[in-house]
Amino acid sequence: MDWDLFTGERAGTDALLLADFAGDARGTRGADLGCGSGILLLLLLTGGKGRRMTGVDIRESAAASARENLRAFALEERGDAVCADYRSAPFGSESLDFIVSNPPYFPAGRGAVPPNAERAAQRTESATVSELCAAAAQYLKAGGQFFLVHRRQREREILAALRQAHLTPVRRRDVFSAPGKSAPIFLIEAVKGAPECAVRRETVLLRGADGRETEEYRKICHWEA
């Protein structure tokens, strides 16, 4: 992928890890709730030739960047982005096979808020975790997959919100920044209406003991290993 064509907010490690985590999403119809400049749309559409995806962002500037990036990478026939509140997004109930989301990590009024309004919107929730999970559950078909990356500090709240929305956690990936050091994020896959089960656990290590990026991390981030 020629990143020189990409405009808008640059992809962070969290988004790249989520794209890899959701790479085997089942079905053809998906969405990104809180799509930003569309990095997840680009990666998941490129990795799944039969997929069609719609990104939703409450900021028109972000949705416009996502649309521009889809055009730049010749993916506009299978992808689109709209400016909307994902709690009332343009999807019918039970119409999607999978959903991904890399939402802002901090509740309104918490955490350091940048003075720039665009940066503040990237960091601070406009909808609660419970509202995000409820929206995902509304749009997903029975058996549909929800892929989420979030802060480990909010794990208990996130797991409770998923179960309240009848989204059953089935897989999680814990991120380690270096041997013996957990990163502040984790990834979770939940399935709508699935019975309670043992959660399959995975790990990814970003840097080795020598401080260099691991081969696994470099491949996830589409760097030359």
Please calculate how many Å² of accessible area segment 129-225 carries per residue, with a 1.4 Å probe and no DNA, RNA or ligand atoms counted.
-> 51
Within straight-line cross-link reach of residue 192, aspartates and glutamates at Cα separation under 12 Å, skipping those fewer than 8 residues along the same chain = 94, 97
Expressed per residue, the solvent accessible area of segment 4-103 in Å² (1.4 Å probe) is about 40
Helix-derived [θ] at 222 nm for the chain: sum -39500 (n - 2.57) over DSSP H runs of at least 4, divide by residue count, nearest 500?
-> -8500 deg cm²/dmol
For segment 6-53, just say rounded, prolate or oblate: build the C-alpha gyration tensor, square-root its eigenvalues into a ≥ b ≥ c, call rounded for a/c under 1.5, and beyond that prolate if a/b exceeds b/c, oblate if not.
-> prolate
Using the Cα gyration tensor of segment 1-85, with a ≥ b ≥ c the square roots of its eigenvalues, what is the shape: rounded (a/c below 1.5), prolate (a/b larger than b/c) or oblate (neither)?
-> rounded
Would you work out what percent of the accessible area of the chain, with all protein chains in place, is carbon or sulfur (probe 1.4 Å)?
-> 50
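Around residue 80, under 10 Å between beta carbons, what's the net of Lys plus Arg minus Asp minus Glu among the other residues? If you can, show how the numbers build up before the last one.
Details: positive: 52, 67, 78; negative: 76, 77.
Here the charged neighbours net out to +1.
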Checked against the structure, the computed Cα extents along the principal axes in Å among [x] 46, 36, 34; [y] 48, 44, 40; [z] 49, 40, 31 is the one labelled [y]
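Let me spell out the model: positive unit charges on the Cβ of Lys and Arg, negative unit charges on the Cβ of Asp and Glu, origin at the Cα centre of the chain. What dipole size does that give, in debye rounded to 20?
Working: 31 positive and 30 negative charges, 121 e Å.
I would put it at about 580 debye.
The values are calculated or read from the model by the stated rules, or taken from the named source; none is laboratory data. Being a predicted model, the structure only gives us computed values, none of them experimental. Ideal geometry is used to build each Cβ from the backbone, glycine not excepted, and the neighbour counts take in all protein chains shown. Surface accessibility is based on the protein's heavy atoms, side chains included, excluding ligands, DNA and RNA. Shrake-Rupley method; radii C 1.70, N 1.55, O 1.52, S 1.80 Å.
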